[in-house]
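Novice: Below is one structure. I have some questions about it.
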Amino acid sequence: MGRGPSLPTSRQRVTHEVTTALPRGPTRVGRSLRDACNGYAVGLPSVRRKHLRKRPTGATPKGKYASRSDRSTRSGPGWQAIASPHPIYTQPVLRFSSLRPALHRIAVFLALFVVATSLLAAQAPDAANPPGRVVLVLPFENHSGQPDLAWIGESFPDTLNQRLSSATFLTISRDDRQYALHHLGFPADFRPTRATTIRIAQTLDANYVILGSYNVANGRISVQAQVLEINNLRLSAPIEDSSSLERLFDVQNAIAWKVARQIDPKFNVAQQTFLAASGQIKLSAFENYIRGITATTPQDRVKRLQLAVQESPNYTDALLALGKAQYASRDYDHAAATLARIPENDRRDLEANFYLGLSRFNTGRYADAERAFAFIATRLPLPEIINNQAVASSRQGHNATALFQRAVAADPKDPDYHYNLAVSLYRSGDFAGAQRETDTTLKLRPADPEAPQLKTLISRGHPSSTPPLTPASSTSAFEPLERIRRAYTEASFRQAAFQIDQMRAVRLAMLPPAEQATQYVQMGSDYLAQGLIPEAEREFQAALAASPASAQARAGLAQVRERSGDTNAARDEAQASLKLAPNAPAYLVLARLDLNANQPAASATDVSQALKLEPRNSAALGMKQALAARGQSVP
């Protein structure tokens, strides 16, 4: 192999980043896993971006239009034999080519698992198939006659999506909903008829649509919602709730809980847990956030989101939206500063780090960009993230060939990944490998504007000795640069996370009940540490379903009840946990409850018991100090 070419200069790199800073539109061409493994897959619905196959309006999907969950692939005994506290879904994934290799592996695993468990079918002949759980929440209609309250209608999808996602439903994002409207020829603020609603839901492969309206009078808000079941074309009875307008969060969370119960009567997370899920966000900050994400101009969007962050500095939804708005306006330094404020354990940290990485990349801070992309890759090693990590690494003069090879292996149908690998091989002097990857790029994208120029350079067998300071149009001055992915497709990330959850559910279902409970408790504790109360309760309930005698699961529920403000239920759960087995978390719940009830002596006794079990428990030691500050010693 010959000597590899020199890297482009810093000025050339930064010029390249600035000239290509506008994000490329996400490629969401429909892809089906039918060809991979007879449709045994799980995931989000499909938005067929380019070649949408329309279904008959108002008709139940049949034949080729039916989802895999409507057909025979889920009627076999193998699926009935899977016992798990969490449902396992089989709706096919029809988009996001970057996930296809990973989904193929999951599909093969699930297919093999079905075969392996089919012998158990006789033990559960009447087990019901899990229903589809893809939910589309539409903006609620404003019946108040006050146009300035229209933002409330737009806020319902935001709140309901968060709560329903915590209940293991797959909710369709605002971006995908707006795309469906655009694809069908409707404006973003279009209020669909019932028939059009069904058509939109079928476009998005939604199983349920949440419709609703609200009225505001004399400082009170009254809300009515209904669940439209798409497969059976059945509309539920009205779901209602009302309260003072200042308690809008409570009304929306109550509606979300009732909707979850309407769709899944076995849903066992407490309503009070949903009511406590919104945290300490100010209603005025929430209003500015909703007005910001729905603003029609970049200036209004940034202004509103800045107000939201000023009112609630830890409002991570607003921080993420503001950072993205600043990034879209090419205010990269402010975008990076905003996005860096989102904690690493927050559920939005992956998307935040994606745009943080791009912001750093666009200002030539490649090491910081690489760290941001590497952080995401440790959680969700999607090919676009591996690719960006590699590009940021290569800009620093490092050989990122191994990372580019991983991206190609994960998604061999993406021409940009092959092009990037070709550039990396060319720089390292592997001209034969670079030629091969360039040919693959042109095969996948015959009109690629840079691949022919790269091919010409490779054919010479040696690089130009001095790369130009700025990109030039002629082939002789052409210096190739790897391509970075600038479009974050939220659904692809959520989809990948969902795949992990589903694989985890399959794996846990094969463990002994006690071990299942232990792992569910650990996941519940992790959610609790992040402040995700509904998700935490879901895991603790799953632990109890697997092993009703789990003292740790009861202690976890006690903490959930404490966080949600239900002190009586928290005390009951803590005492029930201690009856099963002594444990420090349950004693500490009682200690905090007793202290808040102005019973320091009883609290000290509880702390003492916790320290006997775990002498180094930091929470117990902190309680001991708090009691000492009040003059109460711990025995």
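Novice: What distance in nm separates the two pseudo spin-label positions at residue 477 and residue 378, each 7 Å out from Cα along the beta-carbon direction?
Specialist: About 4.3 nm, to one decimal.
Novice: Kindly state, to the nearest 0.05, the FRET efficiency for residue 333 paired with residue 284, given R0 = 22 Å and r defined as their beta-carbon distance.
Specialist: On the way: r = 28 Å, r/R0 = 1.27.
Calculated transfer efficiency: 0.20.
Novice: For the range 287-292, just list the computed ³J(HN,Hα) in residue order, Karplus coefficients 6.51, -1.76 and 1.60, θ = phi - 60°, integers in Hz, with x standing in for Gly and Pro.
Specialist: Listing the rounded values in order: 4, 5, 4, 5, 5, x Hz.
Novice: Net charge within 15 Å of residue 539 by Cβ-Cβ distance, Lys/Arg positive one each and Asp/Glu negative one each, not counting residue 539 itself? Intermediate values should be presented prior to the final figure.
Specialist: Numbers: positive: 347, 504, 507, 538, 554, 561, 563; negative: 501, 515, 526, 535, 537, 573.
With Lys, Arg at +1 and Asp, Glu at -1, the neighbours total +1.
Novice: Moving on to the next point. Quick one: Karplus J couplings for the range 580-591, per residue in order, coefficients 6.51, -1.76, 1.60, θ = phi - 60°, nearest Hz, x for Gly and Pro?
Specialist: For the range 580-591, the Karplus curve yields 6, 5, x, 7, 5, x, 5, 4, 6, 4, 4, 4 Hz.
Novice: Any aspartates and glutamates with Cα under 16 Å of the residue 324 Cα? List them, leaving off those in the same chain fewer than 8 positions away.
Specialist: The reachable aspartates and glutamates, counting only those whose Cα sits under 16 Å from residue 324, are 175, 300, 333, 349, 351, 490.
Novice: In whole angstrom, how far apart do the alpha carbon centroids of the range 560-600 and the range 335-358 sit?
Specialist: A separation of 35 Å, based on Cα centres.
Novice: What does the charge add up to near residue 209, with Lys and Arg as +1, Asp and Glu as -1, over the other residues with Cβ less than 14 Å from its Cβ? Before the final figure, lay out the partial values.
Specialist: On the way: positive: 133, 177, 191, 194, 199, 234; negative: 141, 176, 205, 229.
The answer is +2.
Novice: Which part of the range 352-380 falls in the paramagnetic zone of residue 526, meaning amide N under 11 Å from the point 7 Å along Cα-to-beta-carbon?
Specialist: 379
Novice: Report residue 261's accessible area, 1.4 Å probe, all protein chains in place, as a number in Å² to the nearest 10.
Specialist: 100
Novice: Would you mind calculating the gained length between residue 630 and residue 218 on full extension (0.36 nm times residue separation, minus the Cα-Cα distance), in nm to one decimal? Can you show the working numbers first?
Specialist: Working: separation 412, 0.36 × 412 = 148.32 nm, distance 4.53 nm.
Extra length from residue 630 to residue 218 when fully extended: 143.8 nm.
Novice: If you don't mind, another one. At a 1.4 Å probe radius, which order do 266, 258 fall into by accessible area, largest first?
Specialist: Heavy-atom accessible area, descending, gives 266, 258.
Novice: If you stretched the chain out fully between residue 193 and residue 268, how much longer would it get, using 0.36 nm times the residue separation minus the C-alpha to C-alpha distance?
Specialist: 23.7 nm
Novice: Once amide H atoms are built 1.01 Å from N in the peptide plane, which residues 5 or more positions from residue 483, or in another chain, come under 5 Å H to H?
Specialist: So residue 483 has HN proximity to 420.
Novice: Length gain on complete extension for the stretch residue 515 to residue 148, per 0.36 nm per residue less the alpha carbon to alpha carbon distance? Numbers along the way, then the final one.
Specialist: Working: separation 367, 0.36 × 367 = 132.12 nm, distance 5.34 nm.
Gain on stretching residue 515 to residue 148: 126.8 nm.
Novice: Can you pull the percent of the range 176-249's accessible area that's carbon plus sulfur, 1.4 Å probe, other chains left in place?
Specialist: Numbers: 1500 of 3240 Å².
Whole-percent figure for carbon plus sulfur exposure: 46.
Novice: Under the rule of at least 5 residues apart or a separate chain, name every residue whose amide H is placed under 5 Å from the amide H of residue 243.
Specialist: When sequence neighbours closer than 5 places are left aside, the close amide H contacts are 221.
Novice: For the range 214-222, just list the computed ³J(HN,Hα) in residue order, Karplus coefficients 6.51, -1.76 and 1.60, θ = phi - 60°, integers in Hz, with x standing in for Gly and Pro.
Specialist: Residue by residue, the range 214-222 yields 8, 9, 10, 8, 6, x, 10, 10, 10 Hz.
Novice: For residue 532, what residues show an amide H to amide H distance below 5 Å, using hydrogens built from the backbone and excluding near sequence neighbours?
Specialist: Excluding prolines and chain starts, which carry no amide H, there are no hits.
Novice: State in Å² the accessible area per residue of the range 522-635; use a 1.4 Å probe, count heavy atoms of protein chains only, and round to the nearest integer. Each step should come with its number before you reach the end.
Specialist: On the way: 5230 Å² over 114 residues.
Heavy-atom accessible area per residue stands at 46 Å².
Novice: Accessible area per residue for the range 178-328 in Å², computed with a 1.4 Å probe and the full protein assembly in place, what is it? Write out the running numbers ahead of the final one.
Specialist: Values: 6600 Å² over 151 residues.
That works out to 44 Å² for each residue.
Novice: Could you list the trypsin sites (Lys or Arg not before Pro) in the range 276-343 that lie in coil according to DSSP, counting only those with at most 14 other Cβ atoms within 10 Å of their Cβ? Intermediate results must be reported in sequence, preceding the final value.
Specialist: Values: sites: 282, 291, 301, 303, 304, 324, 330, 341; in loops: 282, 330, 341.
Counting only loop positions with at most 14 other Cβ atoms within 10 Å, the trypsin sites (Lys or Arg not before Pro) in the range 276-343 are 282, 330.
Novice: Turning to a different aspect of this structure: How far apart, in nanometres, would the label points at residue 459 and residue 396 be if each is projected 7 angstrom from Cα along the Cα-to-Cβ direction?
Specialist: 3.7
Novice: How many nm is it between the label spots at residue 602 and residue 299, if each spot is 7 Å from the Cα in line with the beta carbon?
Specialist: 6.1
The values are calculated or read from the model by the stated rules, or taken from the named source; none is laboratory data. Just so it is clear, the structure is predicted and the values come from calculations on it, not from any experiment. Positions of Cβ are generated from backbone atoms using ideal geometry, with glycine treated the same way; all protein chains shown enter the neighbour counts. The area values use the complete protein model at the heavy-atom level, side chains included, leaving out ligands, DNA and RNA. Shrake-Rupley method; radii C 1.70, N 1.55, O 1.52, S 1.80 Å.
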